[in-house]
Amino acid sequence: MSDTPSPVPPFDPQTLAQTRRVELNITSDPANLGPARHAIEALCTVCGFDDKSTGEVGLVVNEALANVTRHAYGGAIDQPIRIIGQCPDDELQITIRDWGSGESPIVLPDAPHDPLKPGGIGLICLRQLMDQTIFTPQDDGMLLTMMRKRTRPSMERANG
């Protein structure tokens, strides 16, 4: 990867409103989770997502990034992660690229969630709160692509 990962830089709300795109190159340091989540939540707001949906997407990004640090990088806090969020129309698209183990969580058996133990909800969140989640192994890591429409079919039924 040619870009040097760094802490999440501040972003300009006016530029965000014009481009409807966020691109972050960070390290796997857990200190970057909050700022990365806030950047994606700001994008959701610009793209017209309501507060509940924005919070759900933020949670998913937080969980996905925590899983990259924990599983792909074995807890290392200095490894690169690239996050791109964009919403060209009424669909938010987020990609998270790591250069870690490349092991796809899709091939792992679902472990039963124990509410008394921390962890274990990341994949549950990804599957339930996003419309589409795709893990694409790379020669040198993993590419996670997630999509969510501004209005989800389950929301239309509940509100319709």
> Does the range 23-33 contain any residue that is in contact with an Asp or Glu (Cβ under 7 Å, 6 or more places away or on another chain) and part of a strand (DSSP E or B)?
Replying inline: yes
> Going by the structure shown, is residue 77 among the aliphatic types (A, V, I, L, M), at pLDDT 95 or above, touching an Asp or Glu at 6+ places or on another chain (Cβ under 6 Å) and within 13 Å of residue 146 (Cβ to Cβ)?
Replying inline: no
>> Given the criterion of a type outside the set (Gly, Ala, Ser), over 20 Å from residue 105 (Cβ atoms) and modelled with pLDDT under 95, identify the matching residue among 54, 19, 27.
In response: 19
> Among the listed residues 58, 85, which satisfies the condition of being of a type in the set (Gly, Ala, Ser) and without any contact (Cβ under 8 Å) to a residue 60 or more places away in the chain?
Replying inline: 58
>> Yes or no: the range 90-106 includes at least one residue that is outside any strand (DSSP E or B) and either modelled with pLDDT under 65 or hydroxyl-bearing (Ser, Thr, Tyr) (or both).
In response: yes
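The values are calculated or read from the model by the stated rules, or taken from the named source; none is laboratory data. Since we're looking at a predicted model, the values are computed, not measured. Using ideal geometry, Cβ is built from the backbone for each residue, glycine included, and neighbour counts are taken over all protein chains shown.
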